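S.K.: Quick one: the structure is below, questions incoming.
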Amino acid sequence: MDNRLVLAVLFVMLSWVSVGTDAQTTAANTMTTANMTTGSGGTMTTANMTTGSGGTMTTANMTTGSGGTMTTPSNGTMAPAVTTAPGNNTTTPSNGTMAPAMTTAAGNNTTGAPTVATTAPPIVPNTTVETLQTNISRAGCGTEQLCAGEPSSCDPSTDGSCFFLAAKRQNGQNFEFALAGESDGYLAATLSTDSTLGGNDTTYVCANNNSVVQFFGALLNNGKLVLKELNVNSVKGKITRKKIQCTFTATVPTPVTRSTSFAVAISTGPYNSTSGSLGSPNTKLQSPVLNLASPNTTVTNQLSPNTTTSPNTTTSHGITFQQSLTQALLISAGMLSLTML
């Protein structure tokens with residue numbers, strides 16, 4: 001009887017000890033997940049995370065936005081207040097440590113150096129002339145290329161005497177040019193950084209060398225052309241009777257103010273094929289300063305004759321008036337003579 005009582009008391013005491021130990025173990029291993037939020041499509045994974053006796057893991061104020069994924073690897077520790085914006089995937093490194101208050105902007109998954117605009121290099125000079133297979137035309141004028149003509153309606157693809165220049169920007173200071181007009185010697189296009197021609201202005205010359213186009217680079221200074229190598233290549237040309245047509249690509253000079261602002265001019269002049277000399281130019285068209293890179297610019301010829309009466313017309317009117325006055329005086333004198341008789 002005494003033995004049974006002793007066994008019962010021992011059983012009760014052992015049960016209390018077991019319950020107390022389990023309670024202490026559970027209390028000692030606490031994991032708090034306060035304010036953990038995953039947005040639409042967000043996934044938070046805590047793989048192989050173990051807290052031993054007395055260990056505590058707290059994931060407070062952790063937010064992943066739409067489409068965001070946050071992964072904590074084995075034995076990872078993550079501090080609170082880590083935020084990833086929508087569409088950004090943030091992964092903690094192998095040691096599982098992420099500093100607090102890290103924010104990644106939406107859509108910025110890749111960080112690289114900013115894009116830097118580069119200027120096209122100058123064209124390498126090569127003035128070898130190839131045969132131009134087609135006629136120059138007004139195609140693309142006003143939309144793809146700037147066009148200037150004298151008269152303004154000049155269409156170089158048709159027969160007739162007129163002068164035409166077109167400029168189309170390739171990149172940077174590099175342009176494609178087309179030049180057409182009639183001349184027994186040469187046809188030239190000049191670019192001036194101001195409204196006055198002749199201050200060492202860049203000039204592109206297409207000359208008639210025994211019915212074959214000969215190209216020259218030159219500077220126009222004080223009414224004379226001085227030969228100079230320019231950054232020009234891809235020259236093509238042909239001559240039909242007196243009509244010269246040529247196309248070329250050139251690097252235009254850089255003005256002080258705007259990078260592609262020039263006054264353009266078309267001129268003709270004599271060319272000596274034996275000596276290779278260029279005579280003084282006779283300007284057919286000169287524009288105000290304009291932007292070569294703007295195709296829709298309307299080009300006016302500042303050399304076009306005005307609408308005032310010419311001296312010859314004025315002289316004609318003066319002669320007619322003088323004749324009429326003389327006749328009136330003669331008639332009056334005749335009538336007076338008759339009355340005196």
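S.K.: Rank these by accessible area, largest first, 1.4 Å probe: Arg169, Arg258.
M.R.: Arg258, Arg169
S.K.: Let me ask something additional. Of Leu227, Val212, Thr240, which is farthest on the positive side of the dipole of region 205-245, counting Cα position, with +1 on Lys and Arg Cβ, -1 on Asp and Glu Cβ, and the Cα centre as origin?
M.R.: The one lying farthest along the dipole's positive direction is Thr240.
S.K.: Just by accessible area at a 1.4 angstrom probe, what is the order of Glu144, Glu182 from largest to smallest?
M.R.: Details: Glu144 110, Glu182 60 Å².
The ranking, largest first, comes out as Glu144, Glu182.
S.K.: In square angstrom, rounded to the nearest 10, how much accessible surface does Ser137 have for a 1.4 Å probe?
M.R.: Accessible area, nearest 10 Å²: 40 Å².
S.K.: Same structure, new question: Pull out a ≥ b ≥ c, the square roots of the eigenvalues of the alpha-carbon gyration tensor of region 200-312, then state rounded if a/c is under 1.5, prolate if not and a/b is larger than b/c, and oblate in the remaining case.
M.R.: Cα axes put region 200-312 in the oblate bin.
S.K.: Leaving out ligands and nucleic acids, note down the accessible area per residue over region 126-247 with a 1.4 angstrom probe, in whole Å².
M.R.: 46 Å²
S.K.: Next up: In what sequence, highest mean first, do 240-252, 279-291 appear when ranked by Cβ atoms within 10 angstrom?
M.R.: Working: 240-252: 19.7, 279-291: 18.0.
Order by mean packing, descending: 240-252, 279-291.
The values are calculated or read from the model by the stated rules, or taken from the named source; none is laboratory data. All values derive from a computational prediction rather than experimental measurement. Every residue, glycine as well, gets a Cβ built from its backbone with ideal geometry; the counts of neighbours run over all protein chains shown. For accessibility, only protein heavy atoms count, side chains too; no ligands or nucleic acids. Shrake-Rupley method; radii C 1.70, N 1.55, O 1.52, S 1.80 Å.
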